[in-house]
Each structure stands twice: as C-alpha cells, then as structure tokens.
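Note sheet for the following structure.
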Amino acid sequence: MLQPDDIRAAAARIAPYIRRTPVLEVEGSPFGVSAPLSLKLEFLQHAGSFKARGAFNTLLSQPVPPAGVAAASGGNHGIAVAHAARALGHPARIFVPEISSPAKIAAIRERGAHLVVGGARYADALAACVAYEAESGALPIHAYDAWPTMAGQGTVGLEWEEQAPLDTVLVAVGGGGLIGGIAAWFGGRVRVVGVEPEGSRCLSASLEAGAPVDVTVESIAADSLGARNCGPRVFEVARRHVDRVVLVPDEAIRQAQRRLWHSLRVAAEPGGAAALAALVSGRYVPSPGERVGVLLCGANVSLDTIPV
C-alpha cells in the first residue's frame, strides 16, 4: 500500500525536475458556487499535465535498461514520459491510440520519442506496448496502476496542502493514478472526491462492483480519462481513501472549458476541466463554509478546439 513517506520520498527525488505549480484563489460564482475556490494549476507542469511527476519518479527510482523506456498513453502520459526520458538521457517508445489528439501526438514527437500510433482505444495501445516491452526489455512506465507512478502523482497533494487550507478536493479520474496518489497522501484528513465522465467510469464501476472491472469508454475526454480498468493498486487505495466518485456529462465538461476560458483565459483540455465540471453541473454541491479545491490537471489542447 502506498504510504505518505513514499510520497515524501518521491517529492524529494523529483524536485530538481518538476515545477511547484501555483494555486489560484478565485470567486466561485462563475463556476456555479457561492464560496471561493482553490484552483491547483497543475496544467502549468512540465509537459502540460501532472503526469511528469510520476514519469520522473519512476525513472529516478530504478535502473533503466539500454532499451530505454516504453509507455502506453492516451497522450499526456506519453508526453510526460518522453519529456522525462529526454531530460535523463534515455530512449523512449510511446504507444498511443488513434483517438489521441493531434496536439498531444505533436508534443510527443517534439520531445524526441519514437511514436507508435495504432488501435481504437487506450487498451489497444497498452497491448501493443506490453508486447514491445517483452520483446525489447524496455522499462515499462504504467500510466496509473503502479506504485512509483502513484507516488509521483501524490506529490500534487503534498504541495497543495502546503499552499491552501482545504476541506475537499475534486480530482478528475482516468485510470486513477492521480486520485490514488492524492488520496493516499491525505489519508482521510481532506475529503477526496473523484470526478469521471459518464461515458468513462472505470473507478466508480469498480467501487460499485467491489473489485476492478472493465467498462466501455465513450467520452470527449477519452484521450486522457479513457482507461477501461483502474487496476488493483488504484482500486485498493481508492477503496480506502476516496470519499466518493461523481459522474459528469460531456456537456458539463464542455461548459467547464468555456467558463475557464471566459473567466480566466485558461485553455484546459476536456480531462483537465472535468473536475470543475462537477461544480458547474451541480453533481457536487459544497456545504456552507466548505473549502473546496479543484485540480486543473491538463492543458494539452489546440486552441481551436476550445468550446466558446
């Protein structure tokens, strides 16, 4: 089980390579609530999302073979692994599905990784990646269901707690590595609420079933929140430490993107705006006086795709 000491160690390990991203205190009214909100601007992280934390922690915590590293990704994890591998001098091969956005594919290529595009969904890219790892001996860097990945992502929670008083944090869920790391850090001291698209709900379905289960994926956020199965490690942490998971429709995600752009000139990708969609849609309603934090976790998006 992931422990806070693992996250502290990860924070020390990756500190020279990542940004300490800021927190912005804003009025909640543009986003559907009356109280102020604490927005953690993790989209300002290297490679455009929180994923750089887990990538660096994995590469710095174990030997890397001559074949380098391999990762399957909807896009953001691949960008982060390519960024970390280049920074540390390792070759990287990244597998992405055909649904990955052109902006994310371009960002992976810009960082010098060997890119393989194929398959309709993330699960297809993962299968191709696993086959390559077995053949080449490359070090696998799982996007979410691995302790080093989760420990790296958990450093978001460590930072956030130092920056703002919090009662509740809203965290978007794809495979669950981010919410797993954050929930393991807070350990019940802060309420951790997951937010999933209605069409991509592997964590909520698994919690309802009492074990990890496969789900179908169909959402505008599928290139970042499109995991078919959360995996056993994520499930175990979430079962213990995640307060609940709420589901949001794609239209609420689009509306959250619009409001971020119009109110703050923040260009968030759908997955990066999903946590805010829980407030915009009323799927999560804060109690009076509740200090709510919202994690804006990714901004690898083309400006011409922002709904206005």
Exercise for review: Return yes or no: is A278 in a helix (DSSP H, G or I) and either surrounded by 24 or more Cβ atoms within 10 Å (Cβ to Cβ) or β-branched (V, I, T) (or both)?
Suggested key: yes
Considering residues that are of a type in the set (D, E), in contact (Cβ under 8 Å) with a residue 12 or more places away in the chain and under 20 Å from F50 (Cα atoms), the number found within the stretch 63-120 is 0
Report task. Using the structure shown, decide if A72 is modelled with pLDDT under 95, hydrophobic (A, V, I, L, M, F, W, C) and under 16 Å from the mean Cα position of the chain (by Cα). Result -> yes
Checking E218, E162, E196 in turn, the sole residue that is under 30 Å from F95 (Cα atoms), modelled with pLDDT of 95 or more and in the same structural domain as R13 (by TED's automatic domain parsing) turns out to be E196
In the stretch 288-300, anything at pLDDT below 95 and assigned to a loop (DSSP other than H, G, I, E, B) is listed as P288, G289, C297, A299, N300
>> Based on this model, can you work out whether P249 counts as surrounded by 15 or more Cβ atoms within 10 Å (Cβ to Cβ) and either of a type outside the set (K, R) or assigned by TED's automatic domain parsing to the domain that holds E98 (or both)?
In response: yes
Within the stretch 269-295, residues in contact with a strand residue (DSSP E or B) (Cβ under 6 Å, 6 or more places away or on another chain), of a type outside the set (D, E) and more than 15 Å from G32 (Cα to Cα) come out as G271, G272, L295
Taking the stretch 109-132 and keeping only residues that are modelled with pLDDT of 90 or more and within 8 Å of P97 (Cβ to Cβ), one is left with V117
The condition from (1) outside any loop (DSSP other than H, G, I, E, B); (2) modelled with pLDDT of 95 or more that G271 misses is numbered (2)
Here the qualifying pairs (Cβ atoms under 6 Å; residues six or more apart or on different chains; first in the stretch 234-259 and in contact (Cβ under 8 Å) with a residue 24 or more places away in the chain; second among the polar types (S, T, N, Q) and crowded, with 24+ Cβ neighbours inside 10 Å) come out as F235/S206
Counting only residues in the stretch 33-59 that are in contact with a helix residue (DSSP H, G or I) (Cβ under 7 Å, 6 or more places away or on another chain) and more than 20 Å from I108 (Cα to Cα), the one surrounded by the fewest Cβ atoms within 10 Å (Cβ to Cβ) is identified as V33
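Out of the helices (runs of 4 or more DSSP H) lying entirely within the stretch 71-176, which hold 1 or more residues that are among the polar types (S, T, N, Q)?
76-88, 122-136, 147-163
Residues in the stretch 1-30 that are among the charged types (D, E, K, R), under 25 Å from A275 (Cβ atoms) and in contact (Cβ under 8 Å) with a residue 40 or more places away in the chain: how many?
Adding up the residues that qualify gives 4.
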ask   = Any residue at all in the stretch 109-125 that is surrounded by 18 or more Cβ atoms within 10 Å (Cβ to Cβ), more than 22 Å from H46 (Cα to Cα) and in contact with a Gly (Cβ under 6 Å, 6 or more places away or on another chain)?
value = yes
In the set R189, R228, the lone residue that is modelled with pLDDT of 95 or more and not in a helix (DSSP H, G or I) is R189
With criteria (1) of a type outside the set (A, V, I, L, M); (2) within 13 Å of the chain's Cα centre (by Cα); (3) not assigned by TED's automatic domain parsing to the domain that holds W185; (4) not in a loop (DSSP other than H, G, I, E, B), F43 comes up short on (3)
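The values are calculated or read from the model by the stated rules, or taken from the named source; none is laboratory data. None of the values given here were measured: they were computed from a predicted structure. Glycine gets a Cβ as well: all are built from the backbone with ideal geometry, and neighbour counts include every protein chain shown.
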